[in-house]
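So the structure is just underneath, and the comments pick up after that.
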Amino acid sequence: MILRQLPEAPPFIISEGSPYFSDHCLYVQAFDKDYSYPRHTTGLGLVAVQEGKAVFEVNEEHLYLDSNAFVFLNKGSQLSIKGEKKGVFIILYFNNVLSELIADSLFQRNSKPGKNIKDYHDYSLIEHVHYANASLKDFLPLLIDLGKSCASFHTLKADMLIRTILDNVILENFSAIQVSSKLGVVKNSTRVSLYKRLSMAKAWVEQNHASAVTVEEMADIAMINPYHFIRIFKKTYGLTPHQYLIEVRIDKARLLLSERGRSVSSVCHAVGFDSLSSFSRLFKARVGVSPRLYGEANISTEE
């Protein structure tokens, strides 16, 4: 892995194609309120904010990120950056050869008739705001520290972490291709736009599940008529938006019930249910046991 700061001018401006990375490349940039970085062509990678807030313009779409979110970058996309106040952002570009080998291997194992291998090198479906999972939030600062060392062991560890991130990116893209095919939209640009809108609503539900979420709010996030939104959401994900909200809440409840000292009542309200009886009924219907019995059987033994 190569650890760098962004140069004063974009190093990736090329007339045709996209930049080539023979190694993983991690750019770390501190910024202040006057910071901006001009538009340039990207490789396959991701951008994240470690501190503060920044605006990333990806193919003329403005994406606002803080330390709780990140964006995948498709190879050949156009990126410009503006920092807000003070902070630090990260750009990680993946080794071109390795990313293509992994994608090709996955395609060969799981491809369906009629699919072109080039489809699996297009990451535009997942090029939208994602909310950082715990592993990614831990990995990126660790990569910075590892990149400052010349020790071969640290280099190997950094490469292993990046390989894990890359595997997840490729698997998510592969899954997005499979799921988006359920939309029944032939035109690629329309399918990408519609899938990204649904994904935004889905991610918003995951972040706001503890609030009084309504289908109308979900549809507003997706910028789709509520009736149409319900229909295509179920067609795509196999659940109605409300059913998906319940699934998210139950999954979060299972995690909280495994924590020592958590009462069923506190978990019920923490995940967004108003009624303890409804929570208990829905939990048992999906998990097979009551919240109380589940908590007793799965309580963490860690001090």
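List of remarks:
- Hydrophobic, long helices, defined as DSSP H runs whose alpha-carbon span along the helix axis is 18 Å or greater and whose mean Kyte-Doolittle value is at least 0.5, occur in the chain at 134-147, 152-180.
- Between region 78-97 and region 23-66, the alpha-carbon center distance in angstrom: 3
- Sum of side-chain charges, residue 80 neighbourhood, beta-carbon under 12 Å (Lys, Arg +1; Asp, Glu -1): -1
- Counting lysine pairs in region 2-183 whose alpha carbons fall under 15 angstrom apart, excluding pairs fewer than 8 residues apart on the same chain, gives 11.
- For the chain, DSSP calls about 90 percent of its internal beta bridges antiparallel.
- Across the chain, the mean sequence separation of Cα contacts (distance under 8 Å, 6 or more residues apart), normalised by length, yields a relative contact order of 13 percent.
- Pairwise FRET efficiency - residue 97 versus residue 299, Cβ, R0 = 45 Å, nearest 0.05: 0.45
- Pairwise Cα distances in the chain exceed 27 Å in 51 percent of cases.
- Residue-averaged [θ]222 nm for the chain, counting only DSSP H segments that reach four residues, each worth -39500 (n - 2.57): -15500 deg cm²/dmol
Every read-out reported here was derived from the displayed coordinates using simple, explicitly stated rules and does not represent laboratory data. All figures in this text were calculated on a predicted structure; none of them were measured in a lab. Positions of Cβ are generated from backbone atoms using ideal geometry, with glycine treated the same way; all protein chains shown enter the neighbour counts.
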